[in-house]
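The values are calculated or read from the model by the stated rules, or taken from the named source; none is laboratory data. Not measured: the values here are computed from a predicted model. Glycine also receives a Cβ, built like all others from the backbone with ideal geometry; neighbour counts cover every protein chain displayed. Each accessible area value is taken on the protein alone, full model and side chains, heavy atoms only, with ligands, DNA and RNA left out. Shrake-Rupley method; radii C 1.70, N 1.55, O 1.52, S 1.80 Å.
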Amino acid sequence: MPEINMRQALNQALREELLHDPTVHIWGENVEGVGGGFLITMGLSNEFGERVKDSPLAETAIVGAAVGAAYCGLRPVVELMFADFTYICMDEIVNKMAKVRYSFGAYNDVKLPIVVRMKVGGYFAQSSEHSQTPLAHFMHTPGLKLVFPTTPYEAKGLLKTAIRDDNPVLFFEHIIHFAAKGEVPEEEYFIPFEEANIRREGSDVTVVAIGYMVDLALEAAEELAKEGVSLEVIDPRTLEPLDMDTIMGSIEKTGRVVVVDEDVTRCGIPAEILMQIFEQLTEAGKTPVPMARVGAANTPIPYSPELEKAVLPSADKIIEAVKKVLV
Amino acid sequence: MKLTHEDKILLYRNMLRGRKYDEALTKMFNKGQVPGMWHSGIGHEAVGAGVATFLRQDDWLEVTHRGITHGLAKGLDARMWLAEHLGRVGGYAKGKGGHHCADREHGILIGGGTIGSCFPIAAGAGLAAKRLGKDQIVVCLFGDGAAQRATLHSCMNLAGVWNLPIVWVCENNLYSITTHVKNAIAAENIADLAHSYNMPGEIVDGQDVLMVTEVVMDAVERARNGKGPSLIECKTYRFREHGEGEIPTPYRTREEVKEWKKRDPIKLFRYLLLDEGVVTEEDLNAIGTKLDKEVAETVDWAIESPMPALEEAFTDIYVE
Ligand SMILES: Cc1ncc(C[n+]2csc(CCOP(=O)(O)OP(=O)(O)O)c2C)c(N)n1
């Protein structure tokens, strides 16, 4: 199987879907030619012409137009350069994209097949407005699906599933993953939503990690193995829909859980997942298990690299949390 | 566009039909039969009928919260619209959308609760219309209040750059709730904004249905022929308060309201039709009588439509 990086895997998925369905259209800032800052759409405008189009610098128009266009029969796959920019078009995402089917037409059978792709994440000294991982806002919003691949293989299979989905999907790509290589089949395949991936099997503590946190959790697992502690690392891959069954199955085995997310800890996704775990256990008459969360500190993300490191999660911080639940 | 006698009578009927449904819902609201809010569009009927009567069914229309005449003239189902306002299961969204109404089959886009969100929706519809290549066009209505949002800039700019088939129609009724347009928009006229986006901009008397129709349909032809977007500003007035149930405050004078009511678009057109000898009083009265019957039947039907089952609250969030 050929080894390619995540950029190339995403590019393959986009190309296959443009070929498969003439209603698939891409637009965003600098997507023509080499494909903007992150080179994901490289070469596609040469092959597909108008269907891969540069837009003005206008996030509201990029994302809002996707809503109108999807309602009228296109299958837009639009790009936001940074997930931080979702805040510019919150009305379009939260008040429109997420709600249109519910509020505008059970009888109209309104569908909004939209994918909004965007770069997320820190660790790159890009400061407070280009380093966030703002998934929690959108997990909080009924009507959206959230996808966050961590390998080139997943990136291709999940993006193709996202594009074929008839619901609006927010698709997050971590900056650190763009250059990471992995085996990716050249033929078509799809990875279904709501299927968590057990990245490492283990018996002592379940670690649910989101996005780039999977890499850090695997690093922590490697370290802790030396001390005889065995981590089971689970990547949910989609936060909505969320595969709680795999998580609960793992906890059944380990009896302890840590959830890791790159976003600010307060009101974050780990709080939500841990509460769901607690509720499922107590509703089933079981004893709650020791649990902990790891996330960014409750600060804006600082620029200076050592400060940024102090704020964001790390393998060491995961190890610390694991030790807390082991007691 | 050259209007025949029949076309003119249709315009009259569509204006009057909007007015009568508007009055019916206003009455129901004031009797406490409407759970939410209602923004009467009485006074705006010339714009409503003028923009919507001669569009194709597959053209797209984005209406405002005051857009009942417009929607009905485009093909909105009066029963489903009214039932939706009453929160009944027979409404467009089984009562879950309320004052939001959309109808894909009749080309009615998703208007919404956030003023100014119409611009990106219409831009996207324009893009789809252009790419799908079926000669469809988009008409996007918006108020002078909406014109104050930044979404206008980004989307009129996008439509200009991409040469999208969109007719932007402003219903300038002078007020955004109680704020006068002079205190909120720096330009002399909203139509002046057109220059910035490299499209024609025109001002029309929004109480004159023939003028609205003529100017809008010219812009529609332009858009359909690939010549891109246009901006039309209709100077109009809302005869009632911003929302039903609101008490008039001194933001506008009684004299001003009285002066504008002299220019009731339906009365003006009625005089014109009679003057032209196109129709007789009896013909026009007969149209009114027929509409009264239709509206009464619709109201009865909507009131009879059951409330949604509680389970409905939990459906239609995702496509399965
Ligand atoms: C983004 C946003 N801001 C404020 C409001 C509250 N609001 C509803 S209608 C309205 C006035 C809008 O004025 P205009 O666009 O001129 O339309 P009109 O009501 O005069 O027909 C306001 C301020 C809103 N719904 N959405």
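Annotations for the structure displayed:
- Options A:Gln276, A:Phe190, A:Gly73, ranked by Cα towards positive dipole end of chain A, top entry (Cβ charges): A:Gln276
- Each Lys and Arg contributes +1 and each Asp and Glu -1, all at the Cβ; summed about the Cα centre of chain A, the dipole is approximately 460 debye.
- Helix A:244-254 axis, angle to chain A major axis (alpha carbon atoms, nearest 10°): 20
- At q = 0.10, 0.15 Å⁻¹ the log10 of I(q)/I(0) for the range A:3-183 amounts to -0.35, -0.81, computed by Debye summation with a single uniform scatterer per C-alpha, solvent ignored.
- For the pair B and A, total buried accessible area rounded to nearest 100 Å², probe 1.4 Å: 3700
- Ligands, DNA and RNA are left out, and with a 1.4 angstrom probe the accessible area of the range A:197-326 is 44 Å² per residue.
- Farthest toward the positive end of the dipole of the protein assembly as shown, out of B:Gly277, B:Val138, B:Leu210, is the Cα of B:Gly277, where the dipole comes from beta carbon charges about the Cα centre.
- Solvent-accessible area lost in complex, 30 Å² minimum, residues of the range B:294-320 relative to chain alone, 1.4 Å: B:Asp316, B:Ile317, B:Tyr318, B:Val319
- 14 Å cut-off, amide nitrogen to a point 7 angstrom out along A:Glu50 Cα→Cβ, residues in the range B:126-147: B:126-137
- Only helices enter the 222 nm calculation for chain A: every DSSP H run of n ≥ 4 contributes -39,500 (n - 2.57), and dividing by all residues gives -10500 deg cm²/dmol, rounded to 500.
- Within chain B: Cβ-based charge dipole about Cα centre, in debye rounded to nearest 20 (Lys, Arg +1; Asp, Glu -1): 380
- Dimensions in Å of the range B:50-171 - Rg and Dmax from alpha carbons: 14.0, 43
- Taking chymotrypsin sites (Phe, Trp or Tyr not before Pro) across the range B:131-190, none is in a DSSP loop with at most 11 further Cβ atoms lying within 10 angstrom of its Cβ.
- Pairwise label distance in nanometres, A:Val311 with A:Asn298, each label 7 Å out on the Cα-Cβ vector: 1.5
- Short-range pairs are left out: with C-alpha atoms under 8 Å and at least six residues apart, the relative contact order of chain B is 22 percent.
- Dimensionless Rg over Rh [the range B:211-320; C-alpha; Kirkwood]: 1.10
- Kirkwood-based shape ratio for the range A:198-289, expressed as Rg/Rh from alpha carbons: 0.95
- Residues along the range B:131-159 losing 30 Å² or more of accessible surface when the other protein chains are present rather than the chain by itself (probe 1.4 Å): B:Arg131, B:Leu132, B:Ser154, B:Leu158
- Working note: Karplus 6.51/-1.76/1.60 with θ = phi - 60° gives the range B:22-38 the couplings 4, 5, 5, 5, 4, 5, 4, 4, 6, 8, x, 8, 10, x, x, 10, 9 Hz, where Gly and Pro are set to x.
- Per residue value of the accessible surface for the range B:5-303 (all protein chains in place, 1.4 Å probe), Å²: 39
- Share of carbon and sulfur in the accessible area of the range B:5-303 stands at 51%, probe radius 1.4 Å.
- Helix A:315-326 and the long axis of chain A differ in direction by around 50°, with both axes built from C-alpha atoms.
- Among A:Pro241, B:Met156, B:Trp301 the positive-end extreme of the charge dipole of the protein assembly as shown (Cβ point charges): B:Trp301
- Label-to-label distance, A:Lys181 versus B:Asp7, with points set 7 angstrom from Cα along the beta-carbon direction: 6.8 nm.
- Charge dipole magnitude, Cβ of K and R +1, D and E -1 - the protein assembly as shown, Cα centre, debye nearest 20: 1300
- Virtual spin-label span in nm between B:Arg56 and B:Leu274, 7 Å along Cα→Cβ: 3.9
- Once the Kirkwood radius over Cα pairs is known for the protein assembly as shown, the Stokes-Einstein relation at 20 °C and 1.002 mPa s delivers a diffusion coefficient of 80 µm²/s.
- More than 38 Å apart - percent of Cα-Cα pairs taken over chain A: 14
- Shown for the range A:197-326: the carbon plus sulfur share of the solvent-accessible area, taken with all protein chains present and a 1.4 angstrom probe, equals 50%.
- Its Cα gyration tensor gives the range A:115-173 an equivalent ellipsoid, and the semi-axes of that ellipsoid, as √(5λ) in whole Å with the largest first, are 21, 16, 8.
- Pairs exceeding 32 Å between alpha-carbon atoms, taken from A:Lys53/B:Lys182; B:Lys74/B:Lys258; A:Lys181/A:Lys226; B:Lys267/B:Lys293; A:Lys160/B:Lys74; A:Lys119/B:Lys182: A:Lys53/B:Lys182; A:Lys160/B:Lys74; A:Lys119/B:Lys182.
- The three principal axes of the Cα atoms in the range B:5-303 give end-to-end lengths of 48, 43, 42 Å, sorted in falling order.
- Element breakdown for the range A:89-163 at a 1.4 angstrom probe: carbon and sulfur atoms account for 53% of the accessible area.
- Legend: mean number of C-beta atoms from other chains within 10 angstrom of residue C-beta atoms, peptide B:96-108, equals 4.
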